[in-house]
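K.L.:
Okay, here's the structure, questions in a sec.
The values are calculated or read from the model by the stated rules, or taken from the named source; none is laboratory data. As the structure is a computational prediction, the values presented were derived from the model and not from experiment. Positions of Cβ are backbone-derived with ideal geometry, glycine not excepted, and every protein chain shown enters the neighbour counts. To get the accessible areas, we keep the full protein, side chains included, count just its heavy atoms, and leave off ligands, DNA and RNA. Shrake-Rupley method; radii C 1.70, N 1.55, O 1.52, S 1.80 Å.
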Amino acid sequence: MWNRNITIGIFVVAGTALFTLAIFLIGNQHTAFARHIELYTEFANVDGLAKGSKVSVAGFDSGEVTDIAVPNSPSSRFRLKLRIEQRVRGLVRTDSMVTIATEGVVGDKFLLIHQGSATAPEAAPSSTLPSTEPIDMADLLEKSTGLLNSASGTMKTVADKLNGTLDAVTTTVDNANDLVVGLKQGKGTIGMLLRDETTATNVRQAVVNAKQATTSLNHASGQADALVSDLQSRGLGQRADQTMSNVQSAARNLDATSQQLHQTLTTALGPDEQGVDAAGNIQESLSNLNQATGNMAEDTEALKHEFFFRGFFKHRGYYSLATLDPTTYRTDKLFTNTGNPRAGSRRRNSSSERRMEAKFYLRRERHRSIERSPSLAMRRSKALW
Amino acid sequence: MTLFGLKVIANVFRFPFELDQIWSQMGEVGARSLPLVAASGLALGVVMTLHTRSTLVTFGASSMIPELQSLSFFVEIGPLVAALLVSGRVGASIGAVLANMRATEQIDAIEALSIDSFKFLVVPRVVACVLVMPLLTTFMDFCGLLGGFVSEYAMSHLSLQLYVTRAFTGVEWSNFIPPTLKTAVFGFIIGTVSSFFGYSTNEGAEGIGRAATSSVVVSSLLIILADVILVKIIFLVFPESAI
């Protein structure tokens with residue numbers, strides 16, 4: 001009796017335990033006892049996906065589709081509610097793309113959530129993930145049919161062209177065959193070359209001539225080598241090097257001379273102790289010379305009125321710059337006399353004439369200014385007195 | 001027979017519950033049927049794997065063998081084969097025992113003792129069949145998976161852990177719990193039909209044999225017919241379990 005009760009008890013307990021174990025294993029495979037988060041995604045075409053379909057995150061089974069909300073209008077999309085394990089939440093980012101995939105060729109459909117980028121934040125619970133619509137097999141087949149039709153047309157075109165090409169090749173081969181037959185029969189230039197004995201003799205003679213020409217050329221080459229050796233023995237190369245060295249030395253000397261000249265010019269044209277350069281000094285010297293010339297004219301004018309020389313000038317006659325006009329200056333015999341070297345040079349050289357005329361005007365203006373200046377007029381009156 | 005079944009249902013909830021008889025019948029129906037069910041499950045598991053393997057290998061889907069095995073046993077093979085086995089062993093036993101008691105006037109003697117023979121003899125057997133059938137079905141399922149694993153291990157040296165993982169990957173609770181619990185209905189059919197033919201016979205030794213035969217044949221037929229209806233009901237209640 002006790003044995004029977006124990007047997008029955010073991011049977012009941014074992015059966016119940018197996019039933020519980022099966023429930024646990026099934027629930028464990030579907031992560032029913034793990035922590036989950038819920039996410040959403042939307043598709044225009046669910047492609048046979050059903051409630052309870054598996055959800056894979058980066059290839060790892062992580063949950064299932066818990067609900068599919070059917071849209072109210074064609075413009076809306078199916079809204080899928082996903083339940084995935086909490087532990088894969090780090091892989092699911094806001095930019096994680098959701099697609100519908102197939103297990104193998106004949107396998108079941110499942111949702112595949114791709115890994116998001118590391119920079120994107122984690123997808124929050126109840127957020128909606130972006131999705132990619134599955135490829136419609138009907139569209140794919142339609143495109144494949146079009147592609148096959150296009151390929152068939154292309155193949156037909158290629159076949160026609162290949163037929164034409166093969167015809168051309170056949171013609172070419174026939175022509176080549178005719179050519180070979182003609183060559184074998186000794187027809188044409190090549191055929192005669194191959195078959196005619198006279199031509200062959202001529203060719204042999206040409207070869208002999210070519211050999212002789214090669215021998216002569218070889219001899220000439222030897223002579224050229226001897227000539228080159230002779231030139232090398234006379235040291236032409238060393239002489240050329242010496243000449244080049246002399247030229248370089250001369251160039252260096254010339255360069256040194258040029259530098260010295262440049263230094264001399266720089267020193268000569270440089271500023272003096274007062275800081276005035278050569279051009280300023282020359283200009284000042286010319287100015288002083290001009291002033292001295294003016295003073296000399298004044299002195300000469302004063303001599304005309306001096307007591308001792310006044311008689312001479314009156315006897316010889318003279319012009320006063322105060323009253324002398326240019327026309328008189330140009331036409332008077334005193335200035336046009338060929339015996340007067342100054343007048344003669346005026347006629348021979350127009351530039352000298354222009355300089356003289358300029359000096360004339362300068363002196364006359366200076367004389368007039370002296371006339372207008374009280375101090376100078378006084379000096380002049382004193383001189384006259 | 002329908003009225004007999006309704007009478008059984010009505011008497012189940014009536015005092016006294018005859019727990020000792022129920023416990024005793026659970027041993028008779030369940031524990032003693034376990035070797036038959038376990039051996040059948042192992043053998044069926046091995047055969048199923050051998051058959052499915054040759055087909056799935058052709059498609060390169062040999063990894064689906066465990067899943068196919070588990071789904072086959074959990075959804076249909078386990079419940080149906082277990083019920084048919086129990087109907088063959090237990091149905092014949094119940095029918096023969098009750099017919100023999102009727103032929104030898106033991107039931108009349110029980111009635112003479114002011115004991116409700118129906119409540120004492122029929123109801124515990126039916127209840128025991130109802131309670132034991134899901135347990136036997138579970139044993140059948142696991143023995144089938146074990147046989148499948150042994151066969152698969154012999155062919156491809158697949159590890160037990162990977163086999164279990166693959167076996168339970170595609171199985172939902174709705175693929176296991178409703179089909180397993182539907183065997184309670186099969187148990188009710190077995191107990192009721194067998195008890196009916198044994199309890200209602202009025203013949204002698206010949207009637208005993210006829211009762212035993214009728215119990216097995218009718219209960220098996222009703223089990224298969226009920227299976228069709230129950231599967232339809234399960235699909236209606238659990239649409240995701242429809243494969």
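K.L.:
Out of all the residues in region A:99-123, which are touching a residue at least 12 places away in the same chain (Cβ under 8 Å) and part of a strand (DSSP E or B)?
P.N.:
Selection gives A:T99, A:I100, A:A101, A:K109, A:F110, A:L111, A:L112, A:I113, A:E122.
K.L.:
Go through B:F176, B:F186 for me and flag whichever is within 14 Å of chain A (Cβ to nearest Cβ) and either closer than 21 Å to B:A82 by Cβ or touching an Asp or Glu at 6+ places or on another chain (Cβ under 6 Å) (or both).
P.N.:
Selected residue: B:F176, the only one of B:F176, B:F186 that is within 14 Å of chain A (Cβ to nearest Cβ) and either closer than 21 Å to B:A82 by Cβ or touching an Asp or Glu at 6+ places or on another chain (Cβ under 6 Å) (or both).
K.L.:
On the given criteria, is B:Y153 open to solvent by 10 Å² or more (accessible area, probe 1.4 Å), of a type in the set (S, T, Y) and touching a helix residue (DSSP H, G or I) at 6+ places or on another chain (Cβ under 6 Å)? Steps first, answer last, please.
P.N.:
Details: open to solvent by 10 Å² or more (accessible area, probe 1.4 Å): yes; of a type in the set (S, T, Y): yes; touching a helix residue (DSSP H, G or I) at 6+ places or on another chain (Cβ under 6 Å): no.
Answer is no for this residue.
K.L.:
Inspect region A:102-112 for any residue being open to solvent by 60 Å² or more (accessible area, probe 1.4 Å), within 51 Å of the chain's Cα centre (by Cα), in the same structural domain as A:D61 (by TED's automatic domain parsing) and modelled with pLDDT of 90 or more and give the result as yes or no.
P.N.:
Checked against the condition, which is being open to solvent by 60 Å² or more (accessible area, probe 1.4 Å), within 51 Å of the chain's Cα centre (by Cα), in the same structural domain as A:D61 (by TED's automatic domain parsing) and modelled with pLDDT of 90 or more, region A:102-112 yields no hits at all.
K.L.:
Give the residue, chosen from B:L181, B:L158, B:L146, that is open to solvent by 30 Å² or more (accessible area, probe 1.4 Å), more than 15 Å from the chain's Cα centre (by Cα) and not polar (S, T, N, Q).
P.N.:
B:L146
K.L.:
Note down all Cβ pairs under 8 Å where the first residue falls in region A:189-210 and is under 26 Å from A:L179 (Cβ atoms) and open to solvent by 100 Å² or more (accessible area, probe 1.4 Å), the second is among the small types (G, A, S) and assigned to a loop (DSSP other than H, G, I, E, B), and they're at least six residues apart or on different chains.
P.N.:
Going by the 8 Å Cβ cut-off, the qualifying pairs are A:L194/A:G186; A:R195/A:G186.
K.L.:
All but one of (1) surrounded by fewer than 17 Cβ atoms within 10 Å (Cβ to Cβ); (2) touching a His at 6+ places or on another chain (Cβ under 8 Å) hold for B:E172, so report the exception by its number.
P.N.:
Only one criterion in (1) surrounded by fewer than 17 Cβ atoms within 10 Å (Cβ to Cβ); (2) touching a His at 6+ places or on another chain (Cβ under 8 Å) is unmet by B:E172, namely (1).
Listed here are the residues, each with its yes/no results for (1) in contact (Cβ under 8 Å) with a residue 24 or more places away in the chain; (2) among the charged types (D, E, K, R); (3) away from every other protein chain (no Cβ under 14 Å).
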{"site": "B:V12", "(1), (2), (3)": "yes, no, yes"}
{"site": "B:P16", "(1), (2), (3)": "yes, no, yes"}
{"site": "B:S33", "(1), (2), (3)": "yes, no, no"}
{"site": "B:A38", "(1), (2), (3)": "yes, no, no"}
{"site": "B:R53", "(1), (2), (3)": "yes, yes, yes"}
{"site": "B:S62", "(1), (2), (3)": "yes, no, no"}
{"site": "B:P66", "(1), (2), (3)": "yes, no, no"}
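K.L.:
While we're on this one: Give the residues of region B:184-198 that are buried (at least 23 other Cβ atoms within 10 Å of the Cβ) and more than 8 Å from B:M133 (Cβ to Cβ), sorted by residue number.
P.N.:
Answer for region B:184-198, where residues must be buried (at least 23 other Cβ atoms within 10 Å of the Cβ) and more than 8 Å from B:M133 (Cβ to Cβ): B:I189, B:G191, B:T192, B:V193, B:S194, B:S195, B:F196, B:F197, B:G198.
K.L.:
Would you mind finding the one in A:D160, A:D174 that is of a type in the set (D, E, K, R), under 52 Å from the mean Cα position of the chain (by Cα), more than 22 Å from A:A44 (Cβ to Cβ) and open to solvent by 70 Å² or more (accessible area, probe 1.4 Å)?
P.N.:
Values: A:D174 fails: under 52 Å from the mean Cα position of the chain (by Cα).
Result: A:D160 is the single residue among A:D160, A:D174 that is of a type in the set (D, E, K, R), under 52 Å from the mean Cα position of the chain (by Cα), more than 22 Å from A:A44 (Cβ to Cβ) and open to solvent by 70 Å² or more (accessible area, probe 1.4 Å).
K.L.:
Exactly one condition in (1) within 11 Å of chain A (Cβ to nearest Cβ); (2) at pLDDT 85 or above is false for B:I243; which is it?
P.N.:
Tallying (1) within 11 Å of chain A (Cβ to nearest Cβ); (2) at pLDDT 85 or above, B:I243 fails exactly one: (2).
K.L.:
Sticking with this structure for a sec: Given the condition on the phi < 0 side of the Ramachandran plot and in contact (Cβ under 8 Å) with a residue 12 or more places away in the chain, answer yes or no: does some residue in region A:135-145 qualify?
P.N.:
yes
K.L.:
Go over the candidates A:S126, A:S96 one by one and state the one that is in a loop (DSSP other than H, G, I, E, B), surrounded by fewer than 12 Cβ atoms within 10 Å (Cβ to Cβ) and touching a Leu at 6+ places or on another chain (Cβ under 9 Å).
P.N.:
A:S126
K.L.:
Given the criteria out of contact with any Phe, Trp or Tyr (no Cβ under 6 Å at 6 or more places or on another chain), among the aliphatic types (A, V, I, L, M) and part of a strand (DSSP E or B), does A:L80 qualify?
P.N.:
Answer is yes for this residue.
K.L.:
Then there is this: Are there any pairs with C-beta distances below 7 angstrom linking a residue in region A:17-44 that is facing chain B (nearest Cβ under 8 Å) and open to solvent by less than 50 Å² (accessible area, probe 1.4 Å) to a residue that is modelled with pLDDT under 90 and part of a strand (DSSP E or B), with the two at least 6 apart or on different chains, and if so which?
P.N.:
Close Cβ pairs (under 7 Å, with a partner that is modelled with pLDDT under 90 and part of a strand (DSSP E or B)) amount to A:H30/A:E64.
K.L.:
Looking only at region B:102-143, which residues are charged (D, E, K, R) and open to solvent by 60 Å² or more (accessible area, probe 1.4 Å)?
P.N.:
Hits for region B:102-143 are B:E105, B:D108, B:E111, B:D116.
K.L.:
Would you check if A:N340 is closer than 18 Å to A:F360 by Cβ, at pLDDT 80 or above and surrounded by 10 or more Cβ atoms within 10 Å (Cβ to Cβ)?
P.N.:
For A:N340, the condition - closer than 18 Å to A:F360 by Cβ, at pLDDT 80 or above and surrounded by 10 or more Cβ atoms within 10 Å (Cβ to Cβ) - is not met.
K.L.:
Continuing with this model, one more query. Evaluate region A:76-88: report whether one residue or more is at pLDDT 85 or above, touching a helix residue (DSSP H, G or I) at 6+ places or on another chain (Cβ under 7 Å), in the same structural domain as A:E38 (by TED's automatic domain parsing) and open to solvent by 20 Å² or more (accessible area, probe 1.4 Å).
P.N.:
Among the residues of region A:76-88, not one is at pLDDT 85 or above, touching a helix residue (DSSP H, G or I) at 6+ places or on another chain (Cβ under 7 Å), in the same structural domain as A:E38 (by TED's automatic domain parsing) and open to solvent by 20 Å² or more (accessible area, probe 1.4 Å), which makes the answer no.
K.L.:
Please work out if B:R166 is basic (K, R) and within 10 Å of another protein chain (Cβ to nearest Cβ).
P.N.:
Judged against the criteria, B:R166 is a match.
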